[in-house]
Ligand code: TNX
């Protein structure tokens, strides 16, 4: 019996071993519809080419796909326009903007009450939809992936859909595809059809670059991680007590003085406007929209060090490198404060092609009642006047509603009448429950970094909840999506960022993308397990969480 058990265990681990064939359903986040056809596996030949619709953004997706596959395969994978005389394929990326709209069930994707933009630069609306076999529309981010013995075809209504389809294809190749140098492998893709599109329009992660500064290269790598799992928003927490990280020409000391500190006393740092533009355009190529946050009226000590005129009583505070919250604020009673807000918001809005600007609003413990709501109402209007849609932490709820505004909910208890009331007045919500989605929480008591004020968050806890029904009185229609924030009081390096992201980020990504009908912890942990070897091959640090059956 012991031998049998050993054999069974051995067989199980063989099945999960890196060289085991990938199955069509082994995708994270889980696709809407997977129809395997074991007779239709595709073997990528050395002379394969990629043919793509004549569209610059679609072409760029094909180039990125080739870029992912070339290092490990060593194949040239030339990209050709579909209109070229050159015989292309057998990989084909098609923008089906002339496809018909078969009548059918509409997408379950949450739609806006209030008509503000739902998605970023990539999502701004092809009117056409590619038809789905089951009826309905692929929307801006959906795709159809067909794998047959003769080739692979990805069809989408918009470039973002092609991009998500290409990421799926990448996951369907053997683990070795993640190696940075050529490996000998049979590059087989499992046969069949995937039809896929997101449940929620907003799927994001936040990086706090204020408590500890992370340079441009680190941020770009985080963008790559988001894109792998079909997350489409990167929220940058750019300002806090410990540092101001974005250049503002009209108030230059914000970055030059306010950027020179961080938690623990390190040198800090800040992004020039060109640095920030580089992040934005790198993200845009990967169909990720950057959401800049300027946290107001609290969390502003670094700004007050740079410009004491904004401080209550004009008293210059000392620089702050600790980790307490709630002590600082810009003076809401001084008109100069609103000049500052308008100048900063104006410059950041001008740098940001995405529709959103995040105003913070959390933990302003010293600005109470009407002083707080009055400040927020003016700041919200400044953001709207700058042409952006307001996002704020859910502490903004009591302030008056402004068309389109979005509350980012970080509570730990789903009874929140204030947020429910704001939703009745028209607000939409991004779910970031502190005890589910906070990536700075420890996995277990012995996790060497991170917090535990909202409890411990192992992979199952990060996965096993429903953003669509999490807050009482907030219906799924008001849920714009989910976001996993990473606060960095105790996170100092890219490896530590990755350790906190993986494997919980894919769990949150699946909550944002996959239809609720696919939600299944037992199946998720199996699918997720296969990604461990991919991260290892790609040089990504991760926490080998004990609740996942790693091969
Ligand atoms: C609360 S959550 C904060 C942050 C801290 C975080 C640490 C929120 C909007 N504010 O200032 O970094 O807790 O987990």
Gyration tensor verdict on region 299-450 (Cα atoms; rounded if a/c is under 1.5, prolate if a/b is larger than b/c, oblate otherwise): oblate
Degrees separating the helix 369-385 axis from the principal Cα axis of the chain, which is the longest one: 50 degrees
Relative contact order (%) - the chain, alpha-carbon pairs under 8 angstrom, separation at least six: 15 percent
Mean Cβ count within 10 Å, highest first, over the residues of peptides 24-34, 256-266, 311-321, 270-280: 24-34, 256-266, 270-280, 311-321
The chain: calculated mean residue ellipticity at 222 nm from DSSP helix runs of at least 4, using -39500 (n - 2.57): -9000 deg cm²/dmol
Region 202-522 - percent relative contact order, Cα under 8 Å, separation 6 or more: 17 percent
Cα shape, region 149-191, gyration tensor, a/c 1.5 rule: oblate
Ranked packing of 446-455, 187-196, 533-542, 479-488, most packed first, by mean Cβ within 10 Å: 479-488, 187-196, 533-542, 446-455
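May I ask for the Rg/Rh ratio of region 429-488, computed from Cα atoms with Rh as the Kirkwood radius, given to two decimals? List each step's numbers first, then the result.
On the way: Rg = 12.3 Å, Rh = 12.1 Å.
Checking Rg against Rh, the ratio lands at 1.02.
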Relative counts (whole %) of C-alpha pair distances in region 202-522, using bins that are 20 Å wide: 35, 61, 4
Nearest 10 degrees, 0 to 90: helix 504-513 Cα axis against the chain principal axis: 80 degrees
Cα Rg, Dmax, the chain, angstrom units: 23.7, 80
Sequence of 510, 217, 185, 477 once ranked by neighbouring C-beta atoms within 10 Å, starting from the fewest: 217, 477, 185, 510
Cα centroid separation - region 278-321 against region 507-551, whole Å: 34 Å
Among beta bridges that DSSP assigns inside region 202-522, antiparallel share in %, nearest 5: 10 percent
Rg over Rh [alpha-carbon atoms, Kirkwood Rh] for region 174-271: 1.18
Using alpha-carbon coordinates, inclination of helix 159-172 to the longest axis of the chain, degrees: 60 degrees
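We did not get these values from a lab; they are worked out from the coordinates using the rules stated. It should be emphasised that the depicted structure is a prediction, and the values quoted were computed from it without experimental measurement. Every residue, glycine among them, receives a Cβ derived from its backbone with ideal geometry; neighbour counts consider all protein chains shown.
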